[in-house]
1. Ranking T623, T370, T339 by Cβ neighbours within 10 Å, fewest first, what do you get?
2. Going by how many other Cβ atoms sit within 10 Å of their own, how do Y641, Y257, Y219 line up, fewest first?
3. Kindly express, to the nearest 10 degrees and within the range 0 to 90, the angle between helix 264-282's C-alpha long axis and the longest C-alpha principal axis of the chain.
4. When Lys and Arg each count +1 and Asp and Glu each count -1, what net charge do the other residues less than 12 Å away from A48, Cβ to Cβ, add up to?
5. For helix 861-883, report the angle its Cα long axis makes with the longest principal axis of the Cα atoms of the chain; keep it between 0 and 90° and round to the nearest 10°.
6. Provide the FRET efficiency to the nearest 0.05 for the H223-D406 pair, computing r from the beta carbons and using R0 = 22 Å.
7. Roughly how far apart, in whole Å, are the Cα centres of the stretch 114-138 and the stretch 539-581?
8. Per-residue counts of other Cβ atoms within 10 Å, averaged by peptide: what ranking do you get for 862-875, 825-838, highest first?
Amino acid sequence: MSHEISLEQVQSWSLFVERETSRFPELLAETHWQTAYAPGELIQRIRADLVASDSLAKLNQRLRYHRRAEMVRIAIRDLKGLAEVEETLQDLSDLADALVSGALDWHYHVLTQRYGTPIGQESGEPQKLIVLGMGKLGGQELNFSSDIDLIFVYPEKGQTEGADRGIPNDQFFIRLGQALNKSLTEFSPDGTVYRVDMRLRPFGQSGPLAVSFAEMETYYQVHGRAWERYALVKARIIAGDHEKGQELFEILRPFVYRKYVDFSAIEALRDLKTMINVEVQKKDMHRNIKLGPGGIREIEFIVQAFQLVHGGREKPLQGRRLMPMLSVLMERHYIDETTQQRLLEAYIFLRRAENRLQEWSDQQTHDLPTEARQQQALAESMGFDDYTAFKAALDVHLAFVQSEFDQVFADEAQDAVTDKTLKEVCLSDEIVSAGLQSLALEQPDEVADKINKFMASRAYTHASAEAVERFKAVLPLVLTELSQVDNQTLALERSLSVLASVMNRSVYLVLLKENLQAIKHLLQLCALSAWMAEVLVKYPALLDQLLDESILYEPLDLIGLKQEASAILAETFDDDEAFMNQIRQWKHAQVFRVAAADITGHLPIMKVSDYLTWIAEAVLEATTEYAWQFMQKRSGLPGGYDPQAGMPFLIIGYGKLGGIELGYGSDLDIVFLYDELNPSAMSDGPKALENNLYFMRLTQKVISLLTTFMPTGVLYEVDTRLRPNGASGMIVTDLAAFEAYEKNKAWIWEHQALVRTRAIVGSEQAQTHFYDFKKAFITQPRSVDDLKGEVVSMRHKMRASLDKTSAERFDLKQGAGGIVDIEFMVQYLVLGFAHQYESLTDWSDNIRLLETIKSVGLLDAERADQLIDAYRVYRNRYHRLALQNEKALVSTEEFIEEREVVSAAWQALMEPK
């Protein structure tokens, strides 16, 4: 819109501007409307003026003056095209904040002079009222002629300190609220300030005008309804004690944003929209651009549906402002860029039109005009030649919004099952197989039997009526999808075990009912893996991983994993419980995604261990950083530490972690070290510690973060027995002591273990020091015959005590010709010949070590390739058995060729005749 629009044109588009500038010509002065306010300027200026009022009459007169002057200014800037929609909405919201907070401060001062300052009975501190702005005011997106939705809250019960005229705090704040509302709403020759709506407070019009934090918390815990969650998304402190108000939001947040993915919010919003539609029909409001089809409310519902469903798990979704939230939804892949752009364009168009409708005569209307003059004024003010052109553009936006709304709020369950007989069967208390004939199931009798057994189980019979109703809504969807999977009865049995685990948290049943893809993935994964079904039973929150196929089957790489783990650390630092629960939920989700990609063939088997190892690395890095910051806060920095050198604390991965070969459910073999610091030097913090004790506490903190059992389980089991002197040794030592132990005291099997080590956590300098030692130690010359004798002796001892091979079963790991034989041959060759071939110290994983052994000629190419192939085949089966919750034992009829190849290599290399 051109900036050359005249004031006369503006007055023709707004009877309000024409009327007010006729009465008060000074409002047309260019200095009044030509420049935008700096952030906070409007609030500060008006509030200071109001607080300085020397009487109630003066306060009320100044309130109305400022409202009139700013509304004229805002309308002129809007209609002349000097202000974008965002500025107009912000200024309207800031004006409301200024008028309410200024009036509140004035009345609070007057009442405290009369009754004394309210004091909290528990804290003994002065109490102030907190005014919550709700709806568009809360979102700082107030429209031109809006009423304002407020809730009055105060921190504590108690008494005012006035000796003679003291009153209880609740009476004080109710009187304060009444006085504030009277100043805002009372009609005078200068008009009114705002229509104030207090119906969103606890118990609505029948509740007290002001409530304490405790009453607020109790109300939402006991009586809170779904629409009140929706309302609180936008709640904002617009006046009063902002610091205390933050405490209130911490109390209310669990009510608004559930810790799990909560699709019951979709149901609730769908019901709310149905009620609105009934009103629209009843009052013939189809011309209403707020409540009608495709209107402003539908955009708000779309955004807030995502916020309420996912906001408990994703803090960035907990914003109050709609336009920025659309960008967050796009960044988080809940909507695509085209949808974000078109919803934003529609929202801006509709909000601009809403303001132009209300600027016509300063009336709270959302209905399109029927009178020709106003229609033309609306069209021109929106940049169109005539009303027909405006209406055509409006209809395009409304149609797009409605189609998006219908997609988000589509009731898939209603559309997916068209078989009325099946629906009726699923609503009954006993399933008869005859009612399942239309599904073409492999074994309908068994399916019916399993469901009936489930419905006779304690999980079902002790569930709430709501949970049973939700299960019966999900069941026809499960049965319909069941006919599309293999191993139907097994898939159903495992899926029912998952459903049994969520009957007392039936919001997860809503998740499935609202997402047919999730049911499909649940059945498919349960059919393929007992382990995945068991994980879902233990951690039902993982059901939200089934929602998006593109995420489910595409695990994150190491960089992505470390970024996400680091974000959890940043969000939860200094709250052990929050950090431990969130990092556990996240780790379970990442492992679940790897398993889903693995069993469905989306991930090559040799990559599975890489991904599982990367997850462990990201977890160890985040937990160590948490513990490192924790120790700095309590005890400062270690004595003699140079911050430029980076963290001197090392975690060394052994075994599968060191060899990048983690499996599902692997524990972590780790050793803790610290580098280049005097063990007896003192840290520089308030609770100073000697370095050896400092790093012991740090290590204990890391182990606690990893292994403490939480509602979300443990992160990893940790095995630290490979440290110097084993279980009897110090839990952490300095690197110099570790080196001395390895050189002077360690057994040969400990040298073997060192071959598979990697530095997982620690500064670049500390890691370099470790690798320098490792290389120097492994490359020192050894007696090959003595080494071979020790390695073979240890292998025989292990096999005697650990091998579970029998006449029928072969132990993949410990059996003759199995995994450990390959690992011991590799370790022998590295320790025996690294002094000749330094490249043998470059890697810690068996495959690449065997490739190096082949390249330097320690094994001929054919034999090396045979061992590599056998190792891969064994590892593949090892993962598969883990996903079925089975031990690493296979039939002796399997892997005959691989076992012969490995045994022959062992015989030739380790025990030649």
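FYI, it's all coordinate maths here, none of it is from the lab. Nothing here was measured: the structure is a model prediction, and the numbers come from that model. Virtual Cβ from ideal backbone geometry, glycine too; neighbours counted across all protein chains shown.
1. Result, fewest neighbours first: T370, T339, T623.
2. So the ranking, lowest neighbour count to highest, is Y219, Y641, Y257.
3. 30
4. Charge balance near A48 sits at 0.
5. So the helix axis and the longest Cα principal axis differ by about 50 degrees.
6. For R0 = 22 Å, the calculated efficiency reads 0.10.
7. Spelled out, the Cα-based centre of one part sits 38 Å from the other.
8. Highest to lowest by the protection proxy: 825-838, 862-875.
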